[in-house]
Amino acid sequence: MITTVTLNPCLDKHIDVHGLVLYETNRWHLMSKYAGGKGIDVSRAVHEMGNDTIACGFLGGEEGREIETLLAKQGLKYRFTPISQPTRSCFIIYDTKTRRQTNLNAPGPRITPSELKLFHEDLQRESASSNIIVMSGSVPPGVPSNVYFTLIKSAHKLGKQTILDTTGKYLRAGLKAKPCLVKPNIREAEELLGRKLETEAEIILGAKEIVQMGAGIAVISMGKKGLIASDGKQVIKASSPYVRVKSAVGAGDSTVAGLAISLCRGDSLEEACHLGVAMGTAAVMTPGTELCHREDVLYWLPRIKIRRLA
């Protein structure tokens with residue numbers, strides 16, 4: 001069982017327009033709704049690969065009920081702590097003419113101290129049978145910046161492995177609790193380390209430094225170039241052949257799902273990176289926020305290149 005935590009979920013509304021013109025009236029020709037949020041996306045990808053998962057976090061209002069309905073239709077298990085304010089909606093505008101995408105993300109509802117306390121209790125109960133807890137995404141207003149530090153510490157006391165995928169001050173604070181794995185992208189790693197990572201050597205050094213900051217494993221994703229991972233002793237690079245990108249939404253979350261599945265099985269770092277990149281590659285082949293499809297993952301698995309770096 002893999003538990004995911006989404007503190008700031010959203011109802012994603014994916015809108016297709018043909019030829020977006022700024023400062024003019026535009027008409028969309030297709031709108032799709034998805035249960036969004038990084039942890040929820042990880043659960044969706046884990047579920048697609050046939051593994052057990054449960055999604056946890058906060059939900060409120062009509063948007064929250066719609067997310068639960070969407071997850072139930074997919075057969076996903078969930079246990080969200082109810083909140084008084086409505087869950088946010090996010091808009092993904094895709095121009096079918098230019099194939100460019102614009103995201104409009106809301107900050108999220110304000111969480112009260114009593115709602116946060118109830119969530120901690122819910123998470124402990126729902127993750128009792130889990131091997132790994134994946135904590136992903138932004139933090140809504142009202143939640144302290146050290147929330148991931150607290151959650152990781154609690155999870156470790158219960159003997160759970162933890163994966164953290166967040167940014168900025170939340171990543172910096174979470175690292176102090178020594179998560180088993182973190183997965184920043186290049187931009188997030190640069191922000192964390194306070195410098196540019198422009199060459200492979202600089203990315204390797206950055207991954208090792210993040211391990212020194214507290215991570216058991218640091219995985220830096222490089223978009224279409226794959227990822228570089230280090231546990232402080234070894235460095236692994238995983239990359240895939242060229243793929244025509246339909247949507248990059250959820251590719252990083254699909255990668256995290258692959259890493260979580262492998263760690264849950266007790267796989268090596270090489271095997272974890274292998275599956276993670278295969279799932280991330282499969283995700284960019286799908287439109288909107290569909291994430292990866294199992295048959296695409298199986299297709300890409302033998303085509304992923306794994307290399308040990310000095």
Fill in the blank from the handout: Residue count, segment 126-136, condition modelled with pLDDT under 95 and either among the hydroxyl-bearing types (S, T, Y) or in contact with a Lys or Arg (Cβ under 9 Å, 6 or more places away or on another chain) (or both), comes to 5
Completion exercise
Within segment 60-69, the count of residues that are at positive phi and either assigned to a strand (DSSP E or B) or within 18 Å of the chain's Cα centre (by Cα) (or both) comes to 0
Exercise for the section: Please indicate, with yes or no, whether at least one residue in segment 233-251 is closer than 17 Å to K178 by Cα and of a type outside the set (S, T, N, Q). Expected result: yes
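Results for (1) without any contact (Cβ under 8 Å) to a residue 40 or more places away in the chain; (2) in contact with a helix residue (DSSP H, G or I) (Cβ under 6 Å, 6 or more places away or on another chain); (3) not in a strand (DSSP E or B), shown as yes or no for each residue.
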{"residue": "D12", "(1), (2), (3)": "no, no, no"}
{"residue": "I15", "(1), (2), (3)": "no, no, no"}
{"residue": "L22", "(1), (2), (3)": "yes, no, yes"}
{"residue": "G39", "(1), (2), (3)": "no, no, yes"}
{"residue": "V42", "(1), (2), (3)": "no, yes, yes"}
{"residue": "H47", "(1), (2), (3)": "yes, no, yes"}
{"residue": "F58", "(1), (2), (3)": "no, no, no"}
{"residue": "T102", "(1), (2), (3)": "no, no, no"}
Exercise for the section: Report, by residue number, each residue of segment 252-310 that is open to solvent by less than 60 Å² (accessible area, probe 1.4 Å), free of Cβ contacts under 8 Å to residues at least 40 places away in the same chain, part of a loop (DSSP other than H, G, I, E, B) and of a type outside the set (D, E). Expected result: S268
Practice task
Please determine, by comparing only the residues of segment 113-140 that are of a type outside the set (A, V, I, L, M) and open to solvent by less than 40 Å² (accessible area, probe 1.4 Å), which one is farthest from the chain's Cα centre (by Cα).
Solution key: E115
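Each row is one residue, and each column tells you yes or no for (1) under 16 Å from the mean Cα position of the chain (by Cα); (2) surrounded by fewer than 24 Cβ atoms within 10 Å (Cβ to Cβ); (3) at pLDDT below 95.
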site: H29; (1), (2), (3): no, yes, yes
site: V42; (1), (2), (3): yes, no, no
site: N51; (1), (2), (3): no, yes, no
site: L71; (1), (2), (3): no, yes, no
Problem - K33, sole failed condition from (1) over 23 Å from V256 (Cα atoms); (2) open to solvent by 30 Å² or more (accessible area, probe 1.4 Å); (3) in a strand (DSSP E or B); (4) of a type in the set (D, E, K, R) - result: (1)
Handout entry: Sole residue being among the small types (G, A, S) and in contact with a Ser or Thr (Cβ under 9 Å, 6 or more places away or on another chain), chosen from A55, A72
Key = A55
Practice task
Kindly check whether there is at least one residue in segment 39-53 that is out of contact with any His (no Cβ under 7 Å at 6 or more places or on another chain) and more than 30 Å from G266 (Cα to Cα).
Solution key: no
Exercise for the section: Answer yes or no: is there a residue in segment 84-99 that is closer than 20 Å to S129 by Cβ, open to solvent by 20 Å² or more (accessible area, probe 1.4 Å) and not in a strand (DSSP E or B). Expected result: no
Practice task
Among the strands (runs of 3 or more DSSP E) lying completely within segment 150-251, list those that include at least 1 residues that are hydroxyl-bearing (S, T, Y) and buried (at least 20 other Cβ atoms within 10 Å of the Cβ).
Solution key: 161-165, 217-221, 227-230
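The values are calculated or read from the model by the stated rules, or taken from the named source; none is laboratory data. Keep in mind it's a predicted model, so treat the numbers as computed, not measured. Reconstructed Cβ throughout: ideal geometry from the backbone, glycine too, with neighbour counts over all protein chains shown. We work out accessible area using only protein heavy atoms, side chains counted, and drop any ligands, DNA or RNA first. Shrake-Rupley method; radii C 1.70, N 1.55, O 1.52, S 1.80 Å.
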